[in-house]
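Novice: If you scroll down you'll find the structure; I have some questions about it.
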Amino acid sequence: MNDRPTDRTQTAIQSKILHGKRALVIGIANEHSIAYGCARVFRQLGADLAVTYLNEKARSYVEPLAKELGASIFAPCDVAQNGQLEAVFQQIRETWGSLDIALHSIAFAPKEDLQGRLVDSTDEGFKVAMDISCHSFIRMARLAEPLMPEGGTLLAMSYHGATKVVPNYNLMGPVKAALESAVRYLAYELGDKHIRVHAVSPGPLKTRAASGLKDFDVLLTEAIERAPIGELVDIDDVGLTAAYLTTPFARRLTGTTTYVDGGLSIMA
Ligand code: NAD
């Protein structure tokens, strides 16, 4: 069997292994978003989707994608606005009554903090980055728990800068480290309810969030040159791994960080 991404996707989608599963996807900004790749694979595998958008400005980009995905729930969600995440879960409770998968694929830091040295980061910038990129995942887990009485899967997007110093990743390094640690503690706390918690760590991908990092093109070039597989990953690659983690194939996996980076992170 050829192992090219498109063939892998085709093979995987025939199984409809997520038929009957309900998945919340937070983090689609446009068709380049990692969350969109995940939502597309979840849908192709048979899942019903709840899709959120950040605000009215984002709505016009996300709505056509939510329609194409046949999302049953389409709701605003700015995790920094009091009550919005809660409202999404209320809508899920009223519409579906339960939830199987919740994907958190969001990150934010004010531009000056993101592009400056960690040592110069402001109190406010660090707090905002930590709240939106990490603590909102914990809040999402808290809201998902009562809707997953028979278990479920929580997924968060991390990056290699969590464990190794990646020049220009700056304050997002410690923020993603906290996110990966939160994944471990949530996996421990929710394990007896069969709620599995995973971090997925993609290699660099050209998205809007990534365009905020200084010299991001250098990371892309290095990834192609240094990754054993010798190609960039795409959003379908991340979606396939995220989907795998939600299936019984991964039923004894929890709390770890799964890299989808063509092997880049094994290199010295
Ligand atoms: P993206 O810009 O497409 O997605 C980022 C999302 O975060 C957007 O949908 C945006 O609306 C959302 N967001 C920002 N602030 C928010 C808030 N207050 N409330 C709700 N949503 C908010 O970029 P992406 O690269 O797909 O990023 C998704 C995740 O993947 C992020 O956690 C990012 O750190 C991670 N990641 C990205 C890369 C990469 O190279 N692109 C690599 C590894 C990990």
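The values are calculated or read from the model by the stated rules, or taken from the named source; none is laboratory data. Computed from a prediction, not measured in an experiment: that's the story for all the values here. All Cβ positions, even for glycine, are placed from backbone atoms using ideal geometry, and neighbour counts span all protein chains on display. To get the accessible areas, we keep the full protein, side chains included, count just its heavy atoms, and leave off ligands, DNA and RNA. Shrake-Rupley method; radii C 1.70, N 1.55, O 1.52, S 1.80 Å.
Novice: Modelled label-to-label distance, residue 15 and residue 57, 7 Å Cα→beta-carbon offset: nm?
Specialist: 4.1
Novice: What trypsin sites (Lys or Arg not before Pro) does region 132-217 have in DSSP loop regions with at most 16 other beta carbons within 10 Å?
Specialist: Loop-located and lightly packed - 164, 206, 214.
Novice: From the Cα gyration tensor of region 93-249, with a ≥ b ≥ c the square roots of its eigenvalues, which class applies: rounded if a/c is under 1.5, or else prolate if a/b is larger than b/c, or else oblate?
Specialist: oblate
Novice: Kirkwood Rh over alpha-carbon pairs of the chain, then Stokes-Einstein at 10 °C and 1.306 mPa s: what D in µm² s⁻¹, rounded to an integer?
Specialist: Using the Kirkwood radius from Cα pairs, D works out to 85 µm²/s.
Novice: Give 21/193; 57/176; 21/176 a once-over and call out the pairs whose C-alpha atoms are over 21 Å from each other.
Specialist: 57/176; 21/176
Novice: Quick check for me: using +1 on Lys/Arg Cβ and -1 on Asp/Glu Cβ, what's the dipole size of region 151-202 about its Cα centre, in debye to the nearest 20?
Specialist: Result for region 151-202 is approximately 100 debye, rounded to the nearest 20.
Novice: Right, something else. Taking H placed 1.01 Å from N in the peptide plane, check which residues at least 5 places from residue 201 or on another chain put their amide H under 5 Å from its amide H.
Specialist: 158, 258, 259, 260
Novice: Another question about this same structure. Report for the chain the percent antiparallel among DSSP-assigned beta bridges with both residues inside it, nearest 5.
Specialist: Bridges in the chain are about 0 percent antiparallel.
Novice: Where the accessible area of region 50-189 is counted over protein heavy atoms with a 1.4 Å probe, how much of it, in %, is carbon and sulfur?
Specialist: Roughly 53 percent of what the probe reaches on region 50-189 is carbon or sulfur.
Novice: So what's the back-of-envelope 222 nm ellipticity for the chain, counting only DSSP H runs of four-plus at -39500 (n - 2.57) apiece and dividing by all residues, rounded to 500?
Specialist: When only DSSP H runs of four or more count, the value is -12500 deg cm²/dmol.
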